[in-house]
Amino acid sequence: MNNFLFKALASINAILAVIILAGSTLSAGAAAAAQGGPGMFVIGALFGAIGGIVAASLVCGTIAFLTLVERHLSVLAAAAKSGNA
């Protein structure tokens, strides 16, 4: 069951990164357009995309690192199990 959950988390991780990036881009663009007019949407979207890349890297990178550690631990556990048998 744990293996299934980690595989599901790894799959959802990519979708989460896209959602974070799209959300930050659109929200920063909309906020800039609301304050500075429609021409500011592109500038706000660029800054939002940069912030979204940083946020997605931190969040999804941490999740990817944890799933990678879990994969290595499962390989080690399988090797130890087969070595003891």
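Restricting to the range 55-80, and then to whatever is in contact with a helix residue (DSSP H, G or I) (Cβ under 9 Å, 6 or more places away or on another chain) and over 17 Å from Ser11 (Cα atoms), can you tell me which residue is modelled with the highest pLDDT? For the range 55-80, the residue satisfying everything is Ala55.
Within the range 34-80, the only residue that satisfies the criterion of being loosely packed, with under 13 Cβ neighbours inside 10 Å and either in contact with a Cys (Cβ under 6 Å, 6 or more places away or on another chain) or in contact (Cβ under 8 Å) with a residue 12 or more places away in the chain (or both) is Val42. Taken together, Ile43, Ile50 contain a single residue that is within 16 Å of the chain's Cα centre (by Cα) and farther than 19 Å from Lys7 by Cα, which is Ile50.
The values are calculated or read from the model by the stated rules, or taken from the named source; none is laboratory data. Quick caveat: nothing in here was measured; it's all calculated off a predicted structure. Cβ coordinates were reconstructed from backbone atoms using ideal geometry, including for glycine residues, and neighbour counts include every protein chain displayed.
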